[in-house]
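Structure first, then comments.
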Amino acid sequence: MTSLGEFTILLALVVAVFGFLAPILGARRGHQALLSSARNSQKVLAGLLTISVIVLVYAFLTDDFSIEYVASYSSRTTPFFYKITAFWAGQKGSLLLWVWLLSVFGYLTVWQNRHKNQQIMPYVQVVINGTCVFFLTLMVLVTPVFEKLVFPAADGQGLNPLLQNPGMVFHPTTLYLGFVGFTIPFSFALAALITGKLDDDWLISIRRWTIFSWFFLLVGNLLGAQWAYVELGWGGFWAWDPVENASFMPWLTGTAFLHSVMIQEKRGMLKVWNMALIILTFFLTIFGTFITRSGIVSSVHSFGVTTLGPYFFGFMGLTLFVSIYFLFIRLPLLKSKQELDGILSRESSFLLNNLLLVGIAFAVFWGTIFPFISEAVRGVKITVGPPFFNQVIAPLGLGLILVTGICPLISWRRATAKNLLINFSYPFAGAIAASVLFLALGMRNGYGIISFSLSVFVVTTILLEFLRGASARHRLTGESYLTSLFNLTRRNKRRYGGYIIHFGVILMVLGITGVMNFKVEKEASLRQGQTLTFNQYTVRYGGLTSWKEPHRDVVAATLNIYNGGKRVATLKPEKAFHKGQDQPTTEVAILSTFKEDFYAILAGWDDQGTAQFKFLINPLVIWLWIGGGVITLGAIMVMWPDRRRRIKEARK
């Protein structure tokens with residue numbers, strides 16, 4: 001089986017090289033048989049790498065410790081569930097997962113475009129397969145997945161205990177779906193630049209791929225935040241870790257692209273800007289991979305020091321050079337025939353939205369790479385921590401929330417004073433009323449008041465858009481308001497699905513604002529039977545219990561939680577000692593409500609049974625996860641195939 005895995009990866013490299021060269025030769029010479037063969041090679045490439053994936057999973061499930069990678073990330077006592085997730089726990093498996101997903105996406109792309117985009121599709125394949133060649137070359141020459149140990153190990157080292165969490169099934173895989181997915185829009189953009197076919201057809205072809213990639217990148221970040229929240233035992237969900245930043249930056253630029261591309265479709269503007277955005281987004285996905293696998297950062301997410309850094313650096317440089325070269329020579333074809341008609345217009349608000357998103361991405365990028373620049377220049381690595389990111393990004397984020405509410409209500413081309421008064425009177429009134437209410441309730445945190453008030457502003461604009469649309473349809477068709485609302489949303493999925501996504505983002509903003517501005521915490525040592533009052537909660541410590549499992553020993557504390565004299569929960573925070581690991585892991589216990597989370601951490605204990613705890617109250621954090629669910633609903637709606645469009649395309 002190991003030999004089969006090695007052979008399929010080597011053969012996949014050969015097929016990827018063919019898939020890179022054949023479309024170029026076929027397109028230049030008009031050789032249809034060669035182009036057809038190149039298209040078929042995508043299926044072969046995906047099939048070969050699927051076999052490699054199956055072989056590696058089989059090696060984990062059968063405890064094949066003759067393979068170095070299996071011995072490093074699994075053991076005989078590793079639970080079955082985590083033997084599967086160990087596939088992508090390390091560098092080698094994650095590279096295989098990356099290139100396998102890209103091969104599958106490449107095959108799907110070729111199949112989707114078998115009857116269209118014939119002029120640019122050969123070069124789309126060139127970009128996809130060129131990226132596959134890079135990753136497969138690493139796996140063949142630098143870091144072989146199926147590398148054998150000289151002497152097979154009797155048992156493996158086991159999976160990092162921090163990764164033994166259900167979130168590790170979904171967090172890395174969704175991130176990879178987002179990272180790898182952005183290769184497809186980039187491939188179309190670069191192919192359009194190479195061929196000079198710069199009409200809007202390539203944009204239409206990548207619309208769902210872009211939303212798909214953006215959505216899974218967001219979900220990956222959310223699942224990572226949720227994993228950090230429940231697994232790392234520090235009470236937060238985002239620490240501006242370099243690897244967290246690496247997955248956040250392409251999401252920001254991808255969001256900017258999704259918004260600005262609407263202006264190109266509607267007005268034929270910002271063509272150069274959109275090209276630059278999709279190139280930057282792809283670059284940042286590779287940069288994120290570089291950060292994780294180069295070993296230049298210290299992070300719970302990274303894979304340690306490796307020799308891959310220079311290879312990724314070279315690939316990023318080559319990608320930027322080729323992209324900028326073709327962008328430069330196609331500038332005359334990308335000139336817009338339209339100009340901004342007024343500062344007060346939807347085009348201007350979308351552009352401001354883009355500038356804020358790219359500004360946040362740049363701030364995150366600068367804060368992430370500054371320690372490495374300072375070390376290279378001065379020999380001293382200066383740490384850039386959360387205070388820098390919070391101070392710089394919080395004002396930009398508030399501006400972005402404001403623009404999110406303005407964009408839907410302002411007119412295209414030029415807005416009049418009357419239009420502004422009609423559209424914004426209710427949202428602004430709602431925001432001002434909310435501010436007054438928060439002050440009356442005793443809230444004095446400036447960022448909190450502004451964030452919550454702007455959230456009210458945005459939600460009001462969204463509700464107004466649904467109400468106005470449903471009312472207009474009701475008057476036109478005579479349908480009931482509920483039926484009008486349903487049909488309005490169904491027939492305009494892209495627009496109203498986008499509003500639902502914006503609503504989900506605002507719910508996430510509520511959760512982030514609550515935790516960042518109103519979190520309270522307390523540390524305490526408690527003897528068995530002792531109680532502690534913390535805000536409106538009373539905590540009674542019931543003692544410690546311990547037990548053994550095949551792969552770990554567990555110590556848990558029993559905490560009875562009372563609110564208003566009534567017991568509302570029994571929490572059991574834990575410390576787990578995994579076999580073969582030096583450090584214990586923390587399993588927190590959380591009581592979640594729509595208002596707040598009561599968060600309990602077992603920090604330690606002594607021989608007399610006295611335990612040390614850290615308690616936190618995290619307001620509104622559940623709305624972060626609920627917001628992710630609402631965004632999922634909106635994204636599905638936006639990506640859902642339009643029956644009328646399918647019929648229209650079939651008639652062409």
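The values are calculated or read from the model by the stated rules, or taken from the named source; none is laboratory data. It should be emphasised that the depicted structure is a prediction, and the values quoted were computed from it without experimental measurement. Please note: Cβ atoms are built from the backbone with ideal geometry, for glycine as well, and neighbour counts cover all protein chains shown. Protein only, heavy atoms only, side chains kept; ligands, DNA and RNA dropped before computing areas. Shrake-Rupley method; radii C 1.70, N 1.55, O 1.52, S 1.80 Å.
Once label points are set 7 Å from the Cα along Cα→Cβ at both Phe151 and Ala472, what is their separation, rounded to one decimal in nm?
Result: 7.7 nm between the two label points.
About the Cα centre of the chain, what is the dipole size in debye to 20, counting +1 per Lys and Arg Cβ and -1 per Asp and Glu Cβ, all else neutral?
With only Lys, Arg, Asp and Glu charged at Cβ, the dipole is about 2800 debye.
Based on the Cβ-Cβ distance of Gln612 and Asp200, what FRET efficiency does E = 1/(1 + (r/R0)^6) give at R0 = 60 Å, to the nearest 0.05? Each step should come with its number before you reach the end.
Numbers: r = 62 Å, r/R0 = 1.03.
Here the calculated transfer efficiency is 0.45.
Is the shape of the range 83-136 rounded, prolate or oblate, going by the alpha carbon gyration tensor and its root eigenvalues a ≥ b ≥ c, with a/c under 1.5 for rounded and a/b larger than b/c for prolate?
Oblate.
Leaving ligands, DNA and RNA out of it, rank Glu465, Glu265 by accessible area with a 1.4 Å probe, largest first.
If we order Glu465, Glu265 from most to least accessible, we get Glu265, Glu465.
Going Cα to Cα from Lys92, which lysines come in below 16 Å? Please leave out same-chain ones fewer than 8 positions away.
Partners found: Lys83, Lys148.
Under 8 Å for C-alpha pairs, at least 6 residues apart: give me the relative contact order for the chain, rounded to a whole percent.
On the way: 1042 pairs, mean separation 64.5, N = 652.
This gives 10 percent for the chain.
Could you work out the helix-only [θ] at 222 nm for the chain, with each DSSP H run of four or more residues adding -39,500 (n - 2.57) and the total divided by the number of residues, to the nearest 500 deg cm²/dmol?
-22000 deg cm²/dmol
By its C-alpha gyration tensor, with a ≥ b ≥ c as the square roots of the eigenvalues, how is the range 85-179 shaped: rounded for a/c under 1.5, else prolate for a/b larger than b/c, else oblate?
Because a/c hits 1.5 or more and a/b fails to exceed b/c, the range 85-179 counts as oblate.
How about Lys572: which lysines have a C-alpha closer than 22 Å to its C-alpha, ignoring those fewer than 8 places off in the same chain?
Partners within reach: Lys519, Lys522, Lys548, Lys595, Lys614.
Quick check: the distance between the Cα centres of the range 227-256 and the range 73-112, to the nearest angstrom?
Taking the Cα centre of each part, the range 227-256 and the range 73-112 sit 21 Å apart.
Under the rule of at least 5 residues apart or a separate chain, name every residue whose amide H is placed under 5 Å from the amide H of Ala603.
Residues meeting the amide H criterion: Gln612, Phe613, Lys614.
Calculate the dipole size of the range 485-569 relative to its Cα centre from +1 charges on Lys and Arg beta carbons and -1 charges on Asp and Glu beta carbons; express the result in debye to the nearest 20.
Roughly 620 debye, rounded to the nearest 20.
Rolling a 1.4 Å sphere over the protein heavy atoms, what is the accessible area per residue of the chain, to the nearest Å²?
Per-residue value: 45 Å².
Using a ≥ b ≥ c from the Cα gyration tensor of the range 1-60 (square roots of the eigenvalues), is it rounded, prolate or oblate, where a/c under 1.5 gives rounded and otherwise the larger of a/b and b/c decides, a/b for prolate?
In terms of gyration-tensor shape, prolate.
Please sort 141-149, 356-364, 516-524 by packing, taking for each peptide the average over its residues of neighbouring beta carbons within 10 angstrom, highest first. Write out the running numbers ahead of the final one.
Numbers: 141-149: 16.7, 356-364: 20.8, 516-524: 14.9.
Ranked from most to least packed, the peptides come out as 356-364, 141-149, 516-524.
How large is the accessible surface of Trp366 in square angstrom, using a 1.4 angstrom probe and rounding to the nearest 10?
100 Å²
For the peptides 438-447, 249-258, 231-240, what is the packing order when you average, over each peptide's residues, the other Cβ atoms within 10 Å and list the highest mean first?
249-258, 231-240, 438-447
Have a look at Trp605, Asn563, Pro619 and report the one farthest towards the positive end of the charge dipole of the range 512-631, computed about the Cα centre with Cβ charges (Lys/Arg +1, Asp/Glu -1).
Farthest towards the positive end: Asn563.
Express in whole angstrom the spacing between the alpha-carbon centres of the range 490-514 and the range 535-607.
Result: 35 Å between the Cα centres.
Could you calculate the contour length gain from Asn492 to Val272, that is, 0.36 nm times the residue separation minus the distance between their Cα atoms, to one decimal place in nm?
The span from Asn492 to Val272 would gain 76.4 nm if fully extended.
Taking a spot 7 Å from the Cα of Arg444 along the direction of its beta carbon, which residues of the range 588-608 have an amide N less than 18 Å from it?
Those under the cut-off are none; the list is empty.
Which option, (i) 0.99; (ii) 1.06; (iii) 1.08, is the value of Rg/Rh (Cα atoms, Kirkwood Rh) that was calculated from these coordinates?
Computing Rg/Rh (Cα atoms, Kirkwood Rh) and matching it to (i) 0.99; (ii) 1.06; (iii) 1.08 gives (i).
Arg76 to Ala603: extension gain in nm, 0.36 nm per residue of separation minus the Cα-Cα distance?
Extending this stretch completely gives an extra 186.8 nm.
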